[in-house]
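The values are calculated or read from the model by the stated rules, or taken from the named source; none is laboratory data. Owing to the predicted nature of the structure, the values given are computational and were not obtained by experimental measurement. Cβ: placed from backbone, ideal geometry, glycine included. Neighbour counts: every protein chain shown.
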Amino acid sequence: MKRLLFLSLSIFLLLSGCSFSPVETMKELAQEIPGAEQLDIVTPEETPVAETPEETEKTVAEPKTTTKLPLSGKILLVDPGHGLNSSTATEAIAPGSSEKKRAFVSGASGKNQSEEELNLAIGLKLRDALTALGAEVHMTREGHETTLSNIGRAELGNQLGVDLSVKLHADGSSSSSVYGTSILIPGNTYIKDAQMLSESRRAAECILAEYVKSTGAKNNGVVVRNDMTGFNWSTVPVVLLEMGFMSNPEEDAKMETEAYRELMVQGIADGVLAYFDEK
Ligand SMILES: [Zn+2]
């Protein structure tokens with residue numbers, strides 16, 4: 001019976017697009033079904049992790065007992081922006097370009113946390129949420145230090161052949177009254193792969209819509225950028241979410257709280273689900 005309910009929910013998910021919030025929808029549906037709150041699939045944290053290949057081999061003769069998770073088979077890169085590295089090296093902003101930028105830069109800062117710290121905290125939570133949904137998730141860093149430059153981060157995603165790379169950042173402004181969220185996508189100055197560009201845009205639209213829906217943050221839109229090393233070296237779809245302004249005291253304070261961080265991660269995960277459901 002539980003399996004049947006999960007199957008029905010899964011089918012419903014497959015039919016939903018960017019305008020839906022699949023995880024929330026699952027929760028709402030589950031609340032309406034008596035006894036369904038005991039289902040394992042209600043929240044990402046509680047969702048069983050996909051079997052490892054070794055386990056599958058051992059149990060190959062037995063009937064299949066796990067239902068396919070929504071992001072099964074998807075490979076994702078979560079890239080918490082910045083990270084500690086004292087190198088002052090520079091690198092070309094695009095293959096073949098003579099224009100160079102610093103390979104490692106420090107980010108914005110809030111009252112009690114640096115952008116590097118915030119990006120990492122959200123990145124680790126997002127890793128867990130996407131893993132619980134069945135995705136194979138890779139990280140550019142899982143600690144405060146980083147060894148990967150912006151080119152290195154792009155090349156990691158290329159080598160892994162990820163379906164999507166999600167870069168996490170927070171904004172800073174000289175004006176403390178500026179607030180809200182935006183999402184950056186690569187432009188076509190250096191990148192000639194039309195499909196990579198259009199997939200990046202579609203992923204960005206899905207993630208931004210769900211992020212705004214979940215957090216209530218002000219929507220500052222999708223921004224095309226041709227000058228970003230981490231984009232120009234990527235051959236896989238890539239987006240960069242600016243999660244909020246650390247220079248705005250109210251938004252900065254919100255982004256310190258666990259409750260708001262849960263909403264941030266929920267929004268990004270819902271956006272990733274919406275992107276793959278539409279494919
Ligand atoms: Zn940043």
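Confirm whether residue 210 is among the acidic types (Asp, Glu), surrounded by 18 or more Cβ atoms within 10 Å (Cβ to Cβ) and over 20 Å from residue 266 (Cβ atoms).
On the way: among the acidic types (Asp, Glu): yes; surrounded by 18 or more Cβ atoms within 10 Å (Cβ to Cβ): yes; over 20 Å from residue 266 (Cβ atoms): no.
No, not satisfied.
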Of the candidates 98, 165, 109, the one satisfying the condition of being more than 16 Å from residue 85 (Cβ to Cβ), surrounded by fewer than 18 Cβ atoms within 10 Å (Cβ to Cβ) and within 16 Å of the ligand (Cβ to nearest atom) is 109
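Hey, does the range 159-178 have a residue that's in contact with a helix residue (DSSP H, G or I) (Cβ under 8 Å, 6 or more places away or on another chain), among the hydrophobic types (A, V, I, L, M, F, W, C) and assigned to a loop (DSSP other than H, G, I, E, B)? Quick ask: steps written out before the conclusion?
Going through the range 159-178, the residues in contact with a helix residue (DSSP H, G or I) (Cβ under 8 Å, 6 or more places away or on another chain) turn out to be 163-170, 172, 176.
Next cut, among the hydrophobic types (A, V, I, L, M, F, W, C) only: 164, 166, 168, 170.
Next, from what is left, pick out any that are assigned to a loop (DSSP other than H, G, I, E, B): none.
No, because not a single residue in the range 159-178 is in contact with a helix residue (DSSP H, G or I) (Cβ under 8 Å, 6 or more places away or on another chain), among the hydrophobic types (A, V, I, L, M, F, W, C) and assigned to a loop (DSSP other than H, G, I, E, B).
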Going by the structure shown, is residue 117 assigned by TED's automatic domain parsing to the domain that holds residue 211, in a loop (DSSP other than H, G, I, E, B), out of contact with any strand residue (DSSP E or B) (no Cβ under 7 Å at 6 or more places or on another chain) and among the charged types (D, E, K, R)? no
Output the residues belonging to the range 224-268 that are within 15 Å of the ligand (Cβ to nearest atom), more than 17 Å from the chain's Cα centre (by Cα) and part of a strand (DSSP E or B). 225, 245
Among (1) surrounded by fewer than 19 Cβ atoms within 10 Å (Cβ to Cβ); (2) within 16 Å of the ligand (Cβ to nearest atom), where does residue 79 come up short? (1)
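Might you check whether a residue that is at pLDDT 95 or above, touching a strand residue (DSSP E or B) at 6+ places or on another chain (Cβ under 7 Å) and not in a helix (DSSP H, G or I) occurs anywhere in the range 198-206? Walk me through it before giving the result.
Here is the first cut: in the range 198-206, the residues at pLDDT 95 or above are 198-206.
Filter again for touching a strand residue (DSSP E or B) at 6+ places or on another chain (Cβ under 7 Å), leaving 200-201, 203-205.
After this cut, where a residue has to be not in a helix (DSSP H, G or I) as well, the list is none.
No, every residue in the range 198-206 fails to be at pLDDT 95 or above, touching a strand residue (DSSP E or B) at 6+ places or on another chain (Cβ under 7 Å) and not in a helix (DSSP H, G or I).
Scan the range 130-148 and give yes if some residue there is of a type in the set (Ser, Thr, Tyr), in the same structural domain as residue 251 (by TED's automatic domain parsing) and more than 16 Å from the ligand (Cβ to nearest atom), otherwise no.
Yes.
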